[in-house]
Amino acid sequence: MNIHEYQGKEILRNNGVAVPVGIVISDPGEAVDAAKKVQELTGTDCWAVKAQIHAGGRGKGGGVKIAKNFDEVAIYARQILGMNLVTHQTGPEGKIVRKVLIEQSIFYPGESKIQEFYMSILLNRATGRNIIMYSTEGGMDIEEVAEKTPHLIFKEEIDPKTGILPFQARKVAFNLGLSGKAFKQMVQFTVGLYNTYEKCDASLFEINPVFKTSDDLILAADSKVNLDDNALYRHPELAVMRDVFEEDPTEVEAGENNLNFVKLDGNVGCMVNGAGLAMATMDIIKLSGGLPANFLDVGGGANAKTVEAGFRIILKDPNVKAILINIFGGIVRCDRVAEGVVEAYHKIGGINIPVIVRLQGTNAKEAKELIDKSGLKVYSAITLQEAADLVTKLV
């Protein structure tokens with residue numbers, strides 16, 4: 001689950017990691033009051049007005065402005081709230097900005113001692129250990145840094161038995177070229193960031209940039225946080241941070257129907273029970289000349305309701321030219337799924353693309369007879385090869 005920058009910073013602040021003071025608003029009329037409150041808390045006379053969407057590159061798209069007085073705060077807030085912000089991560093369709101963060105500006109014009117660093121924490125799946133990635137080249141796309149100057153990216157793996165050790169945090173600060181107060185601040189920042197990552201059951205904490213002010217303070221100037229969905233039951237205070245407006249509507253609808261759905265860019269929709277079988281089905285679609293349009297796992301208890309919901313979600317994709325339903329009848333009987341397919345087909349109506357149904361397992365033959373006698377534009381198959389041949393023929 002992705003969360004907004006201001007939410008990530010709230011988590012960091014609550015765990016003792018230094019972040020700028022800011023207030024989030026959703027109405028332009030609240031902007032000046034928020035700026036005044038930030039000024040009372042910090043003494044600042046300059047503010048960053050930042051669009052809150054789940055995407056990077058906001059500044060390049062016009063979603064981050066520096067305001068030097070209250071009038072500019074109000075102007076920028078009106079400009080950004082409600083805009084369709086297009087960045088390299090949103091795609092050409094962009095995202096509507098519904099919230100803006102009014103934050104103290106930590107960049108002091110004319111100062112030469114500021115520095116921007118990059119730091120992220122994530123799991124290295126090859127070693128089964130968390131890894132801290134960091135670089136002196138903060139504020140840039142880390143992919144570009146990795147491609148052009150890979151020697152400027154450092155990595156520190158953390159042993160899960162011990163957690164982050166003091167010498168590792170000091171190594172980070174040393175490799176970033178810091179000394180004195182800034183060195184000590186970076187050590188504290190690194191330890192705090194890592195401990196926050198573990199405490200939240202996160203899968204990613206990315207701070208770009210980590211900012212060193214002219215007076216040697218280390219702050220998280222931005223935050224990109226991804227939380228492990230499977231651990232949210234342990235963190236109800238974090239689960240409520242979900243913003244469904246930032247998610248794919250079809251994936252939200254699928255979640256409401258207890259379906260596991262991920263949209264892809266292909267032309268063959270697939271509806272399967274079981275994640276492993278879903279992966280195999282996507283492979284067979286690819287091998288047969290098609291491209292999977294989605295990953296959709298209806299679970300082991302597929303019935304008429306889940307099949308109908310799956311149909312509706314898949315059919316929302318205009319690129320889908322055929323649907324392959326691949327069900328293994330272990331817990332669920334194939335004939336019941338076949339009945340569900342027929343019922344859903346009648347209920348939805350207007351399905352003008354071929355539907356291939358492959359049912360294997362308990363009562364598979366009875367299921368095939370039900371499909372064949374339904375009179376619908378539904379093609380039945382028993383084996384994966386039959387299903388693959390039909391995909392090749394129909395797409």
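The values are calculated or read from the model by the stated rules, or taken from the named source; none is laboratory data. All figures in this text were calculated on a predicted structure; none of them were measured in a lab. For neighbour counting, all protein chains shown are included, and Cβ atoms are generated from backbone atoms with ideal geometry for every residue, glycine included. To get the accessible areas, we keep the full protein, side chains included, count just its heavy atoms, and leave off ligands, DNA and RNA. Shrake-Rupley method; radii C 1.70, N 1.55, O 1.52, S 1.80 Å.
Numbers below:
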{"quantity": "Ranked order, Ile25, Ile348, Ile75 - accessible area, probe 1.4 Å, largest first", "calculated": "Ile75, Ile348, Ile25"}
{"quantity": "Within straight-line cross-link reach of Lys305, aspartates and glutamates at Cα separation under 12 Å, skipping those fewer than 8 residues along the same chain", "calculated": "Glu339, Glu343"}
{"quantity": "Cβ-placed point charges (K, R +1; D, E -1), dipole of region 32-149 about Cα centre in debye, nearest 20", "calculated": "360 debye"}
{"quantity": "Residue order for Leu376, Leu217, Leu12 - accessible surface, 1.4 angstrom probe, largest first", "calculated": "Leu217, Leu376, Leu12"}
{"quantity": "Accessible area of region 178-256 belonging to carbon and sulfur atoms, whole % at 1.4 Å probe", "calculated": "51 percent"}
{"quantity": "Heavy-atom surface of the chain, accessible at 1.4 Å and reported per residue (Å²)", "calculated": "48 Å²"}
{"quantity": "Protection-proxy order for peptides 307-314, 173-180, each taking the mean of Cβ atoms within 10 Å per residue, highest first", "calculated": "307-314, 173-180"}
{"quantity": "Using alpha-carbon coordinates, inclination of helix 275-287 to the longest axis of the chain, degrees", "calculated": "80 degrees"}
{"quantity": "Gain in span if fully extended, Ile114 to Thr149, counting 0.36 nm per residue against the direct Cα distance", "calculated": "10.5 nm"}
{"quantity": "³J(HN,Hα), Karplus 6.51/-1.76/1.60, whole Hz, each residue of region 50-63, x for Gly, Pro", "calculated": "10, 5, 10, 9, 8, 6, x, x, 5, x, 5, x, x, x"}
{"quantity": "Share, in percent, of DSSP beta bridges within region 256-395 that are antiparallel, nearest 5", "calculated": "20 percent"}
{"quantity": "Degrees between helix 384-394 axis and first principal axis of the chain (Cα, 0 to 90, nearest 10)", "calculated": "90 degrees"}
{"quantity": "Of all DSSP beta bridges in the chain, antiparallel share, percent nearest 5", "calculated": "75 percent"}
{"quantity": "Solvent-accessible surface ranking, highest first, for Ser26, Ser380 at 1.4 angstrom", "calculated": "Ser26, Ser380"}
{"quantity": "Lys377 paired with Arg129, simple spin-label distance in nm, labels 7 Å along Cα-to-beta-carbon", "calculated": "5.7 nm"}
{"quantity": "Residues with amide H under 5 Å from that of Ser203, placed H, sequence gap 5 or more", "calculated": "Asn226, Leu227, Asp228"}
{"quantity": "Longest to shortest principal axis, alpha-carbon extents of region 13-107, angstrom", "calculated": "39, 32, 22"}
{"quantity": "On Cα atoms only, tilt of 304-315 relative to the major axis of the chain in degrees", "calculated": "60 degrees"}
{"quantity": "Principal axes of region 77-171: Cα extent on each, largest first, Å", "calculated": "49, 36, 29"}
{"quantity": "Region 1-99, dipole about Cα centre (Lys/Arg Cβ +1, Asp/Glu Cβ -1), debye to the nearest 20", "calculated": "260 debye"}
{"quantity": "Most positive-pole-ward Cα, Val64, Ser179, Gly22, against dipole of the chain from beta carbon charges", "calculated": "Ser179"}
{"quantity": "Given charges at beta-carbon only (K, R positive; D, E negative), |dipole| of the chain in Debye", "calculated": "300 debye"}
{"quantity": "Cross-link pairs beyond the 28 Å C-alpha cut-off, checked among Lys9/Lys60; Lys99/Lys263; Lys212/Lys263; Lys9/Lys181; Lys60/Lys184", "calculated": "Lys212/Lys263; Lys60/Lys184"}
{"quantity": "Carbon plus sulfur fraction of accessible area for region 305-368, probe 1.4 Å, in percent", "calculated": "50 percent"}
{"quantity": "Entries in Lys321/Lys377; Lys286/Lys393; Lys37/Lys95; Lys95/Lys224 that, when Cα-Cα distance is taken, lie over 21 Å", "calculated": "Lys37/Lys95"}
{"quantity": "Length gained when the stretch Phe245-Lys365 is fully extended (0.36 nm per residue, less Cα-Cα span)", "calculated": "38.8 nm"}
{"quantity": "Volume in Å³ per residue [convex hull over Cα atoms, computed for the chain]", "calculated": "166 Å³"}
{"quantity": "Computed over region 217-305, Cα set: Rg, Dmax in Å", "calculated": "17.0, 59"}
